[in-house]
Amino acid sequence: MPGPLLPALPSGPPPGTLPVPLPGAPSGPPRGLSAGAPSGPSAGLPSGVPPGLSPGLSSGWGAGGLSGLSPGPLLHVAGPDGPWEQVHDRLAGQGHALVHTTWGQWLAAALLDPGLRSLLGRDWPRYRQTAAPAGRLRFAVSRMVLKHTAAAALQVPADALDLAYRPGGRPHLRGLAEAEVSLAHTDELIVVGISRSGPIGVDAEPVTRRPSFELLHPYVCTPDEAAELAALGEDERALRLLHLWTLKEAYTKALGHGMRRRFSAVGFRRDEQGRTVPAGEPDGAARWILATHLLHGRYLVSSARRPPREIETASRPAPYPLEETGLPPAATLGLQLPGSSGAQPT
C-alpha cells in the first residue's frame, strides 16, 4: 500500500479567528435563499475555520501538500468589465485558468443587462422556467461568469459563444473543441475552469462543512482511503473527507461522469514524485493534474485537468515540394480551382 494519501495539515488559527471575507461577498444570501441551506455533502455548518486549518493559507496545503503540480492561484474577476487580461494571459501561457468571483459582484449585471437573453442563448428557457428567484439569479450569474471567462480567454464576444451540455451535465462550448470548461458554485462563491489541453473539472465546498464519515464513506472512499481516515481524529477526518470529496467531484466532472459515478470506485494514490494521481495511473508522466486550494480561508477549491500537450513545431520536408510541380497549391492538393472544369492533371 502506498504512503498516506493526505499530508499533515498546517497548524490551526488562534482562537476566535474567522475566515477572510471574499471580495464583494454580500452580507446575506439572495432573497428567497436560506443562509443555512445545505449545498454539499452534508448540512450543519459550524462557524469559523475548523481546527487544523490556517485561514491565511492561499494555495495548496503547504510544503509537501496534496496539490502536486500547482495550477497557480485562482484569478479574481469582480464583474463583466474584468479585469480579463490576466485570464487570457494565463490560458495562453499555462494552457488553463481558474477564475473565482461571488454572485453579489455580478448580481447587478444579471438584473440590468438588456442583452441577458442573447447572452444566455439556449439556457434562456431554463432560466425562465426556474421558479425560485434566488435559483434564477444564481443560474444566470453562473452562466454569465462562465461565458465571460471563456470569451476573455479566447478573445471572442461572450454572446457569440454557444454553451451546451454533454450527457451527465458537463458544459461545453459548441464548435470550440480547443477549449474545455467547468463550473462550480457553493454559497456565494462561483468558480470557472477553462483549459486548452483537454477536459477540466472544478469543485468547491466551504471548509466549515462537516460531512458524516459514518454515513458517506461507503459512497465516497475506497477501502484504503476509508481505513486511513478512520484512524484520524474527528475534526481532521471530517476536513480530509471533505477534501477528498472535492477532488473526486472535480475529477469525475472532468471525466464527464459527475455524480453518476460512485466516488468509492474512484481511488487516488501518491506516485513516486509525491503527486496525487488516480489509482490506476502508472508512474511516469502524469495523465492528470489534481490540485486543491484554500480560497480566503473559507473554501476548498479542487481542480482536475489534463497536463499541457506538447505541440510539435519542427517542419518536415514535403515529399513532393510544391515548387517542383509548377502548379498552384490548390491544384497540387487535388482541389478544384475557381473557374476550372474540375479536371485534374495526369
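The values are calculated or read from the model by the stated rules, or taken from the named source; none is laboratory data. Quantities reported herein were computed from a predicted structural model and do not represent experimental measurements. Neighbour counts are summed over all protein chains in view; Cβ atoms, including those assigned to glycine, are modelled from backbone coordinates with ideal geometry. Accessible surface is based on the protein model in full, side chains and every heavy atom, while ligands, DNA and RNA are left aside. Shrake-Rupley method; radii C 1.70, N 1.55, O 1.52, S 1.80 Å.
When segment 72-96 is examined, which residues are found to be farther than 17 Å from residue 106 by Cα and part of a loop (DSSP other than H, G, I, E, B)?
Result: 72, 73, 74, 95.
I'd like to know if segment 167-181 contains one or more residues that are farther than 30 Å from residue 297 by Cβ, of a type outside the set (Ser, Thr, Tyr), at pLDDT 90 or above and touching a Ser or Thr at 6+ places or on another chain (Cβ under 8 Å).
yes
Would you be able to tell me the number of residues in segment 170-187 that are in a loop (DSSP other than H, G, I, E, B), among the small types (Gly, Ala, Ser) and surrounded by 13 or more Cβ atoms within 10 Å (Cβ to Cβ)?
Selection size over segment 170-187: 1.
In segment 225-258, what count of residues is obtained for those that are more than 19 Å from residue 292 (Cβ to Cβ) and open to solvent by 50 Å² or more (accessible area, probe 1.4 Å)?
5
I need the full set of residues from segment 234-282 which are under 17 Å from residue 215 (Cβ atoms) and assigned to a loop (DSSP other than H, G, I, E, B), in order please.
262
Scan 142, 118, 197 and give me the residue that is in contact with a Gly (Cβ under 7 Å, 6 or more places away or on another chain) and among the small types (Gly, Ala, Ser).
Answer to the check: 197.
Those residues that are in contact with an Asp or Glu (Cβ under 7 Å, 6 or more places away or on another chain) and open to solvent by 10 Å² or more (accessible area, probe 1.4 Å), I need them from segment 125-169; list them, please.
143
Do we have residue 203 as of a type in the set (D, E, K, R), more than 15 Å from the chain's Cα centre (by Cα) and not in a loop (DSSP other than H, G, I, E, B) here?
No: the conditions fail for residue 203.
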